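Below: one structure, written as structure tokens.
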Amino acid sequence: MKALLHDIKNCRLCEDVLPLPPRPVMNAHPAAKIIITGQAPGRKVHASGVMWSDASGERLRGWLGVEETLFHSPLLFSHLPMGFCYPGKTASGDAPPRPECAPRWHPLVLQHLQADLHLLIGQYAQRYYLKQRFKGSLTETVKHFRDYLPRYFPLPHPSPRNRAWFTRNPWFEREVVPELTRRISAILG
């Protein structure tokens, strides 16, 4: 695992197409109980080198009901985004994660992990992991989160840019978040 993480940290697979120099941001540990797969690091996370060190991370930790120190403990959480490097911007926000990253690295990392739960944040992670079980939209997939338990738990992206989605889907905070918090609490003991 140590050699694999070294290879990932030194990956230059997308170097020619990234807006900033590559800086893979992820972490994984065989003892981790929960895997979190989101999109890709944003500009703040790229700068800090710490997963979810932004407003999205604050909201996600709130959903999980965990303090920041627990959230960043490699013995509890592995952070395995779909893209490990900042992909740049589009008119509506961050660009999609680079498509080369997950197929190249995820299968190798997952061979070392025995987590109890895998959080799939956003449609990129959901489409990749759920494949034909993806319900056609993020909303429908998240609405039917119980269909994927106990292995996967699909979630929307916690970004402040997603305010409109949360307003249109109040059932998420009412029904999904309490179940997520309960499951995380049970796993972490």
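Scanning the stretch 41-81 for residues that are in contact with an Asp or Glu (Cβ under 7 Å, 6 or more places away or on another chain) and under 11 Å from Val25 (Cβ atoms) turns up Gly42, Lys44, Val45. Of all the criteria given as (1) in contact with a Cys (Cβ under 6 Å, 6 or more places away or on another chain); (2) without any contact (Cβ under 8 Å) to a residue 40 or more places away in the chain, the one not satisfied by Phe84 is (2). The number of residues in the stretch 103-158 that are charged (D, E, K, R) and on the phi > 0 side of the Ramachandran plot comes to 1. Whenever a residue of the stretch 21-42 is touching a residue at least 24 places away in the same chain (Cβ under 8 Å) and of a type in the set (Ser, Thr, Tyr), its partners that are surrounded by 22 or more Cβ atoms within 10 Å (Cβ to Cβ) and in a loop (DSSP other than H, G, I, E, B), lying with C-beta atoms within less than 9 angstrom and at least six residues away or across chains, give the pairs Thr37/Leu80; Thr37/Pro81; Thr37/Met82; Thr37/Gly122.
Kindly establish whether Ala55 is in contact with a Pro (Cβ under 9 Å, 6 or more places away or on another chain), within 21 Å of Ala95 (Cα to Cα), exposed (fewer than 15 other Cβ atoms within 10 Å of the Cβ) and not polar (S, T, N, Q).
yes
Cβ-Cβ distances below 9 Å connect the following pairs, each with a first residue in the stretch 157-180 that is among the basic types (Lys, Arg) and at pLDDT below 95, a second residue that is surrounded by 13 or more Cβ atoms within 10 Å (Cβ to Cβ) and part of a helix (DSSP H, G or I), and a separation of six or more residues or different chains: Arg161/Ser56.
The values are calculated or read from the model by the stated rules, or taken from the named source; none is laboratory data. Not measured: the values here are computed from a predicted model. All Cβ positions, even for glycine, are placed from backbone atoms using ideal geometry, and neighbour counts span all protein chains on display.
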